[in-house]
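> My structure is below; once you've seen it, I'll send some questions.
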Amino acid sequence: MASQDWFDKDFYKVLGVDKSVTEADLKKTYRKLARKYHPDSNQGDASAEAKFKEISEAYSVLSDTEQRAEYDQIRAMGSGARFTSGGRSGQPGGFEDVFSGFGRTSRGQQQTNFEDIFAMFNQDPMSDFDARYGSGRRTGFGGPTKGGDFTARTTIDFTTAVKGETITLAGEDGHPFKVKIPAGVADGQKIRLRGRGRPSPNGGENGDIVVTVAVRKHPVFERDGLNLKVTVPVTFTEAALGATIEVPTLGGDPVKLKVAPGTPSGRTMRVKGRGVHTAKGTGDLLASVQVVVPSHLEGEAKAALEAFAAAEPKENPRAELLAKARA
């Protein structure tokens with residue numbers, strides 16, 4: 001957008017902030033002004049609408065790090081600089097005001113290095129041509145600039161993250177907007193809604209809405225990519241003798257799994273296709289066995305276990321571990 005406007009308009013003054021304003025304070029000030037002058041809150045008030053456009057333009061430039069640096073550099077050239085058509089020799093105005101600081105020849109003639117001029121605006125010499133004749137490039141000399149982005153955060157439950165859902169959030173201006181949460185969205189993932197952000201101050205494309213998603217933990221399931229993981233308790237006898245057990249699924253009926261005799265704690269069983277369903281694929285349900293030791297034994301149960309202890313092979317399951325530790 002770098003143009004005559006950048007010389008004539010004091011965007012800091014428009015927003016009522018100092019040149020050293022931080023990004024956070026700048027955003028806070030803009031939100032306050034936007035709510036005050038938003039057309040929806042000032043129906044039929046042309047002056048409020050004009051003010052809203054003015055502060056939106058100012059924030060669009062100052063909220064963009066690169067544009068803000070360019071704007072400050074241009075303004076620092078001096079209030080006398082103008083991109084206007086030049087008069088006759090000896091008359092004020094024209095490009096001479098800008099180029100006068102780049103040296104003169106021994107005869108007093110202007111010696112302009114155009115590469116220096118364009119470099120000042122972070123612009124190559126052909127970019128103005130591109131802007132005029134439709135290359136679609138963003139230029140620093142009046143070309144359209146993209147509007148600023150809105151940022152938002154939302155926290156969703158585990159099931160919504162796995163299955164996907166359309167939710168409604170409140171925008172920076174207080175107006176609601178809908179966001180389609182895709183199936184399989186991960187904690188911390190960003191969703192970009194293109195063209196739904198702030199309008200461009202000079203006819204360019206709108207900015208985006210960028211939504212950061214936080215996912216609540218589930219009391220039973222965990223994510224492992226497209227797979228779902230669950231820990232399933234089994235009794236000592238189920239693990240030792242074998243059994244058929246029920247395993248929960250996310251949002252569906254339990255499935256039955258067969259535990260083989262002698263299954264150790266930590267062994268994982270796989271249920272195909274019962275994980276996360278996305279356009280990129282479908283995961284599985286991974287059920288890890290956890291052998292539960294009874295906390296109280298009495299009567300016949302205790303006697304039976306004592307008889308088993310007397311009859312079981314006298315092998316030390318820690319012998320290999322101890323040998324490796326000594327080595």
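The values are calculated or read from the model by the stated rules, or taken from the named source; none is laboratory data. Computed from a predicted structure; not experimentally measured. Glycine gets a Cβ as well: all are built from the backbone with ideal geometry, and neighbour counts include every protein chain shown.
> Considering every residue within the stretch 230-248, establish whether at least one is modelled with pLDDT of 95 or more and touching a Phe, Trp or Tyr at 6+ places or on another chain (Cβ under 6 Å).
So far as the stretch 230-248 goes, yes, one or more of its residues are modelled with pLDDT of 95 or more and touching a Phe, Trp or Tyr at 6+ places or on another chain (Cβ under 6 Å).
> Here is a further query. Mind counting the residues in the stretch 197-217 that are surrounded by 16 or more Cβ atoms within 10 Å (Cβ to Cβ) and under 29 Å from G281 (Cα atoms)?
6
> Moving to a separate point now. Give just the number: which of (1) under 30 Å from S56 (Cα atoms); (2) of a type in the set (D, E); (3) touching a strand residue (DSSP E or B) at 6+ places or on another chain (Cβ under 6 Å) does E222 not satisfy?
It is condition (1) that E222 fails.
> Continuing with this model, one more query. Out of the stretch 232-253, which residues are within 22 Å of A183 (Cβ to Cβ), without any contact (Cβ under 8 Å) to a residue 60 or more places away in the chain and loosely packed, with under 11 Cβ neighbours inside 10 Å?
G252, D253, listed by residue number.
> Tell me which of these R270 doesn't satisfy, since it passes every other one: (1) at pLDDT 95 or above; (2) touching a Gly at 6+ places or on another chain (Cβ under 8 Å).
(2)
> Another question, if that's okay. Taking A76 as the residue in question, decide whether it is modelled with pLDDT of 85 or more and either among the β-branched types (V, I, T) or out of contact with any helix residue (DSSP H, G or I) (no Cβ under 9 Å at 6 or more places or on another chain) (or both).
No; evaluated as a whole, the condition is false for this residue.
> Within the stretch 280-299, is there a residue that is β-branched (V, I, T), assigned to a loop (DSSP other than H, G, I, E, B) and touching a Phe, Trp or Tyr at 6+ places or on another chain (Cβ under 9 Å)?
yes
> Given the conditions (1) surrounded by fewer than 17 Cβ atoms within 10 Å (Cβ to Cβ); (2) of a type outside the set (D, E, K, R); (3) more than 25 Å from D187 (Cβ to Cβ); (4) modelled with pLDDT of 95 or more, report the number of the one that V220 does not fulfil.
Every condition holds for V220 apart from (3).
> For the list (1) assigned to a helix (DSSP H, G or I); (2) under 27 Å from T159 (Cβ atoms), I need the number of the one condition that L322 fails.
For L322, the exception is condition (2).
> Does at least one position in the stretch 2-22 carry a residue that is hydrophobic (A, V, I, L, M, F, W, C) and within 23 Å of A170 (Cα to Cα)?
No, there is no match, as no residue in the stretch 2-22 is hydrophobic (A, V, I, L, M, F, W, C) and within 23 Å of A170 (Cα to Cα).
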